[in-house]
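S.K.: This is the structure I want to talk about, given as C-alpha cells.
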Amino acid sequence: MLPLTGHIEVFEALLQYGTKPGEALMCAIDKEDTAAVQTILKYSPQVDGSPSAAFPSEVTPIVLASHKNSLPLIKVLVDQGRFIPDPGVVLNKDDHAHQNLYRGLVSPYYILLTNDDPLSRAFELSSRLDDVGASKPEVEEVYAEMAEGTRSLGVDLLDQVWNRDEAAAILNGGDEHSPLIHGDDCQMELSKLDMAVDHEQKRFVAHQWSQRLVNECWYGAGKYFTPTTNIAEYLRGFVLMLLTPILALIYLLAPMSVPGRFVRTPAVRFAMYLASVITFIVMVFLRAEKIGYNGPEGGQLAPSGTVLEWLIFVWILGMLLEEGRLMVKNGPLASLTAMGIMTWVIIVIYLAAFFLRVASHVEHGGPKSLYRFYWATYDTTLIAEALTAVGGVLAILLLLPLLTYDRFLGPLALSMSHMVKDIVKFLIIFFIVSIAFSAGLNETYSFYSDVVDNICLTQLENATSPLTATDCDTSNAFGDFESSFEELFWSLFGLGSKDTLSLEVNPKAGDALLQEHTLTMNVGAALYGLYLVVAVVVLLNMLIAMMSNSYQHIADNETIEWRFEVTKMMLRFIRDDTTLPVPFNLIPNPKFIYYNIITRCCLKSRYKADQLCKLQAKEENDRRYKEVLARLVKRYLLLHAREENIEPIFADISSDGPVNQSGTSINVEPDGVPIGESAPSNMKRQQSTEAGNWSKIQVGCDGEEGTASGTGAAC
C-alpha cells in the first residue's frame, strides 16, 4: 500500500472507483494523518479498519486516536458518531483489552469532546480507575498512571479560569442556594468542590481558585471579618469560644437577625464546635480526677452518678444526634471519616458504660458501702469504669484531628495519622514473629517450670527450687505461652531479663544427682537472642523507616496534603445546615420548628414555593456552570492546539473572555487585559443519541445575553 501522505489525490481516486480501504484507516490514524482519515471516511463512512496483527481487536479507530490523544483525529471520528464502549460492560475481553479501552477513555481530548460535564467525568473516571487498579495489583501502577492523568485534566480546566465569578460558577455547580454570589452572606455550598473532595482530587482542591472560594465562604464573604495574622486569628477564635453560650442563646431567640446570621458564619460555628469539644474533654478530665465524687474512700458499689457524669451523658446524647443526622444526610460511608469513626466509638463506649452503670444499680439495689477489693472480678461497675477509661483517652485524642486547621501543626498531625497505618502493618508482622518465638521458648522451658511448681506444692515447708534463677515465689517467665508472649513483648522495650533463661542447678537443693542441661540453655539463649535481633534490629528499624517514609511523603507534598485536609474539614461547616454545637443542638430552635414542621404541616404553599425556589436556583447554577465550563473547554482546546502547532480545526470557535456575574463575557487583549464588555457567545452542543454526550462544539453569536439573575435569583 502506498504511503498516504503525499499521495492523497491518488488514494482519493482509488476510493472513488470503489477500492476497499482495508487497513488504511488504522494506518492513517497511527501516522496521525488527518487529511487521509477525512478522505477515507468521506467515501467509506462506516469503515472500522480490517483486523490486523498490528493492533488488537479492541483497538478501533476511535480507541487508537484516543491513544494518540490527537485532537483533530478524535474530533473527526466523534463527529462520525464513534465512541469507546464502557470496559465495565464489555464481555469476553481480557485485562489487557480493558486496559486499552480505559487508555482511550482517559484521553483528555476524548473526555472533553464526548461529555456534557467533562469535569465530573474526569473525577468519576479517576476514582473508577483507582478501584480497578486496587482489584488488580499486577497492573495497579498502570491504572494509577491513567487516574493521575484524569486528575490533571480537572486542574488544567481550573487553570483556564480568568476571574472570581467564573470560579464561583464552576465550584457552585449543583447548589440549591441562590446563584447571587455577591449577596449579604456567602450563599455558596461549593457542591462541585465537595465532589472533588469525595473523589480525592487533591490538586484540584488545593488550587488557588478553590482555596480562594473556600476562604471567602469560611469568613462570610468578608462581611463580618477577614483573614488576619495567626495571632489575631487565634485571639478572635478564643473570644468566640468564650462567647459560645451567648451566641447560642442569640441564635435560639433570633436566628434570622443580623447577630443570628453572624452566628451562622462557618468560622464562628467552628469556634463554637471547638469550644464544645474542649468543654467535653475538660469534663472527662475532671471526672477522671473524681471531682464531685462523694462516695467512701474505699470505693462504692454501683454509686449514683455525679453531676459531671450526667453532663457527660448529655454531651454524648448531643453527639449521637449530630452524628446520626450527618449519617442520614450524607450517607453512612460519607460520615465515616477518620474523625467520624473516632466520634462513633466514643459514643458507643460511653453509652455502653452508662447502661452498665444502670444495670449495676438495678443488680445491687442501689449504692453500697463495700470495700472495692470485695467486689466481684467482673462486676458491671468495673466494666463500666474500664470503658470510660478507654473513652476518655479517645475523647482527648479528638484534639489531634482539629490541629489540622493550624498551618504549622497541621502537616505534623497528618503525618501522625499516616504513621498509624504503618504501626498497624508493623503490629501484624510483629505478632507473627512474637507468637513463633513464644511457642519455641515455651516448648523449651515449660517442663522445667512444671517441675519447680510440683516441688513447691509437695514440699510446703522449706521448699527449695532445684534451679538458681527460679524459686517458689517467682516462676519461670517461659513456663506457659501467655507468660512467654508477655516476656517477649516487654523485652522489646528493654524490660525483659535474660536470667529467666538460666537452668543452673541450685546447690542449696542438697541433691548431688542434679544435672545442668547446657544444651537446653544454649538453645533457649539462641532463640531469645535471635528474637531480639529480628524484633529490635530488623522490625523496629523497619517501622522507623516506614514512618520516615510517610512523614517524607507528607513533607514533599505538604501544601497540597494540608490544603486538602483543611478544605475537607471546612466544607463540613460550609455545607452543613446545623448551627448550634453540642449540647445546644438538643434544643429545638424556632427556625428548625418553622421550616421543618410549621411550613410542612400548616404552610404547604410556602413549603412548595421554597422547594420551587431551590429547584430554580439549582437550575440557574447548573446553567451558569455549563456555560462557564464550555468556555474553559474552548480555552483549553485552543491553548493546547497552539502548543502542539495544530491547525485550527474549530473554525467557529474563538477564545471567549471571562464571564462576569451577569453572565456577559469580557473581551481581552492577548495579554489578558479587559478592553470592554460584549454579549456572550452561546455554546451549542449537539447531543449524541448513543452516549448521551455532546460531540460537536458549535459556537454562534445569536445575540442572546445570559444573566445570573432570573427566577432562581429572585427566590
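S.K.: Taking the conditions exactly as written (farther than 25 Å from L153 by Cβ, modelled with pLDDT of 80 or more and not in a loop (DSSP other than H, G, I, E, B)), does F592 satisfy them or not? Give the derivation first.
M.R.: Numbers: farther than 25 Å from L153 by Cβ: yes; modelled with pLDDT of 80 or more: no; not in a loop (DSSP other than H, G, I, E, B): yes.
No, not satisfied.
S.K.: Let me ask something else. Just to be sure I understand the filter: pairs with C-beta atoms under 7 Å, separated by 6 or more residues or on different chains, first member in region 552-567 and over 11 Å from P411 (Cβ atoms) and in contact (Cβ under 8 Å) with a residue 24 or more places away in the chain, second member part of a helix (DSSP H, G or I) and open to solvent by 40 Å² or more (accessible area, probe 1.4 Å). Which pairs pass?
M.R.: Pairs found: F564/K202.
S.K.: Something else: Of everything in region 32-58, what is within 20 Å of D79 (Cβ to Cβ), modelled with pLDDT of 80 or more and part of a loop (DSSP other than H, G, I, E, B)? Give them in sequence order.
M.R.: E32, D33
S.K.: Hey, another quick one. Anything in region 119-162 that is touching a residue at least 24 places away in the same chain (Cβ under 8 Å), open to solvent by less than 20 Å² (accessible area, probe 1.4 Å) and over 18 Å from V205 (Cβ atoms)? List them, or say none.
M.R.: Passing the criteria: L129, Y143, M146.
S.K.: Follow-up. Is there a residue being without any contact (Cβ under 8 Å) to a residue 60 or more places away in the chain, surrounded by 14 or more Cβ atoms within 10 Å (Cβ to Cβ), β-branched (V, I, T) and assigned to a helix (DSSP H, G or I) anywhere in region 525-533?
M.R.: No, region 525-533 contains no residue that is without any contact (Cβ under 8 Å) to a residue 60 or more places away in the chain, surrounded by 14 or more Cβ atoms within 10 Å (Cβ to Cβ), β-branched (V, I, T) and assigned to a helix (DSSP H, G or I).
S.K.: Identify all residues within region 244-272 that are surrounded by 21 or more Cβ atoms within 10 Å (Cβ to Cβ) and over 18 Å from M570 (Cβ atoms); write none if there are none.
M.R.: The answer is T244, L247, A248, Y251.
S.K.: Something else now. Would you call L25 more than 46 Å from the chain's Cα centre (by Cα), on the phi < 0 side of the Ramachandran plot and at pLDDT below 90?
M.R.: Values: more than 46 Å from the chain's Cα centre (by Cα): no; on the phi < 0 side of the Ramachandran plot: yes; at pLDDT below 90: yes.
Answer is no for this residue.
S.K.: A further question on this structure: For R407, only one of the following conditions fails: (1) under 18 Å from F564 (Cβ atoms); (2) part of a helix (DSSP H, G or I); (3) not aromatic (F, W, Y). What is its number?
M.R.: Exception for R407: condition (2).
S.K.: It is to be established whether one or more residues within region 312-328 are open to solvent by 70 Å² or more (accessible area, probe 1.4 Å) and either in a loop (DSSP other than H, G, I, E, B) or of a type in the set (A, V, I, L, M, F, W, C) (or both). Steps first, please.
M.R.: Residues of region 312-328 open to solvent by 70 Å² or more (accessible area, probe 1.4 Å): 321, 328.
Subset that is either in a loop (DSSP other than H, G, I, E, B) or of a type in the set (A, V, I, L, M, F, W, C) (or both): 321, 328.
The answer is yes, given that some residue of region 312-328 is open to solvent by 70 Å² or more (accessible area, probe 1.4 Å) and either in a loop (DSSP other than H, G, I, E, B) or of a type in the set (A, V, I, L, M, F, W, C) (or both).
S.K.: Same structure, new question: If I ask for residues that are open to solvent by 60 Å² or more (accessible area, probe 1.4 Å) and of a type in the set (D, E, K, R), which ones from region 184-238 would you list?
M.R.: Matches in region 184-238: D184, D198, E200, R203, R212, K223.
S.K.: Any idea which residue in region 405-458 is nearest to A535 (Cα to Cα), counting only those that are open to solvent by less than 30 Å² (accessible area, probe 1.4 Å) and among the hydroxyl-bearing types (S, T, Y)?
M.R.: In this case the residue turns out to be S434.
S.K.: Scan region 271-290 and give yes if some residue there is among the basic types (K, R), under 30 Å from the mean Cα position of the chain (by Cα) and part of a helix (DSSP H, G or I), otherwise no. Outline the logic, then answer.
M.R.: To start, the set of residues in region 271-290 that are among the basic types (K, R) comprises 287, 290.
Applying the additional criterion that residues be under 30 Å from the mean Cα position of the chain (by Cα) yields none.
Looking for residues that are among the basic types (K, R), under 30 Å from the mean Cα position of the chain (by Cα) and part of a helix (DSSP H, G or I), one finds none in region 271-290, hence no.
S.K.: OK, next. Restricting the search to region 273-308, which residues are at pLDDT 85 or above and open to solvent by 40 Å² or more (accessible area, probe 1.4 Å)?
M.R.: Y273, I278, T279, V282, F285, L286, R287, V307
S.K.: Quick one: A196 ticks every box in (1) part of a helix (DSSP H, G or I); (2) over 17 Å from the mean Cα position of the chain (by Cα); (3) touching a residue at least 40 places away in the same chain (Cβ under 8 Å) except a single one, so which number is it?
M.R.: Of the numbered conditions (1) part of a helix (DSSP H, G or I); (2) over 17 Å from the mean Cα position of the chain (by Cα); (3) touching a residue at least 40 places away in the same chain (Cβ under 8 Å), the odd one out for A196 is (2).
S.K.: I would also like to ask the following. Which one is modelled with the lowest pLDDT, of the residues in region 333-387 that are among the hydroxyl-bearing types (S, T, Y) and buried (at least 17 other Cβ atoms within 10 Å of the Cβ)? Don't jump to the end; show me each part of the working.
M.R.: So the first thing to find is which residues in region 333-387 are among the hydroxyl-bearing types (S, T, Y), and the list is 335, 337, 343, 350, 360, 369, 371, 374, 377-378, 380-381.
Add one more test, that the residue is buried (at least 17 other Cβ atoms within 10 Å of the Cβ), and what stays is 335, 343, 350, 360, 380-381.
Numbers: S335: 67, T343: 89, Y350: 95, S360: 87, T380: 89, T381: 87.
Step by step, filter region 333-387, then rank; the result is S335.
S.K.: Something else about it: Considering every residue within region 543-553, establish whether at least one is of a type outside the set (S, T, Y), surrounded by 14 or more Cβ atoms within 10 Å (Cβ to Cβ), modelled with pLDDT of 85 or more and within 30 Å of L243 (Cβ to Cβ).
M.R.: So the first thing to find is which residues in region 543-553 are of a type outside the set (S, T, Y), and the list is 543-547, 549, 552-553.
Restricting the remaining residues to those that are surrounded by 14 or more Cβ atoms within 10 Å (Cβ to Cβ) gives 543, 546-547, 553.
Subset that is modelled with pLDDT of 85 or more: 543, 546-547.
Narrowing the set further to residues that are within 30 Å of L243 (Cβ to Cβ) leaves none.
No: zero hits.
S.K.: Kindly check whether there is at least one residue in region 134-142 that is part of a loop (DSSP other than H, G, I, E, B) and over 30 Å from L612 (Cα atoms). If you could, list the steps in order and put the result at the bottom.
M.R.: To start, the set of residues in region 134-142 that are part of a loop (DSSP other than H, G, I, E, B) comprises 136.
So of that shortlist, the ones also over 30 Å from L612 (Cα atoms) come out as 136.
Yes, there is a match, as at least one residue in region 134-142 is part of a loop (DSSP other than H, G, I, E, B) and over 30 Å from L612 (Cα atoms).
S.K.: Being exposed (fewer than 13 other Cβ atoms within 10 Å of the Cβ) and either among the aliphatic types (A, V, I, L, M) or closer than 25 Å to V37 by Cβ (or both) is the filter here; which residues of region 70-100 pass it?
M.R.: Of everything in region 70-100, those that are exposed (fewer than 13 other Cβ atoms within 10 Å of the Cβ) and either among the aliphatic types (A, V, I, L, M) or closer than 25 Å to V37 by Cβ (or both) turn out to be D86, V89, L91.
To keep it simple, each residue is scored yes or no on (1) at pLDDT below 90; (2) in contact with a Phe, Trp or Tyr (Cβ under 7 Å, 6 or more places away or on another chain).
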residue	(1), (2)
Q80	yes, no
P87	yes, yes
L91	yes, no
H98	yes, no
L101	no, no
L105	no, no
D116	yes, yes
E148	no, no
W162	no, no
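The values are calculated or read from the model by the stated rules, or taken from the named source; none is laboratory data. Note that the structure is a prediction, hence the values are computed from the model and not measured. Here Cβ is always computed from backbone atoms with ideal geometry, including for glycine, and neighbour counts include all displayed protein chains. In case anyone asks, the SASA skips ligands and DNA or RNA and just uses the protein heavy atoms, side chains included. Shrake-Rupley method; radii C 1.70, N 1.55, O 1.52, S 1.80 Å.
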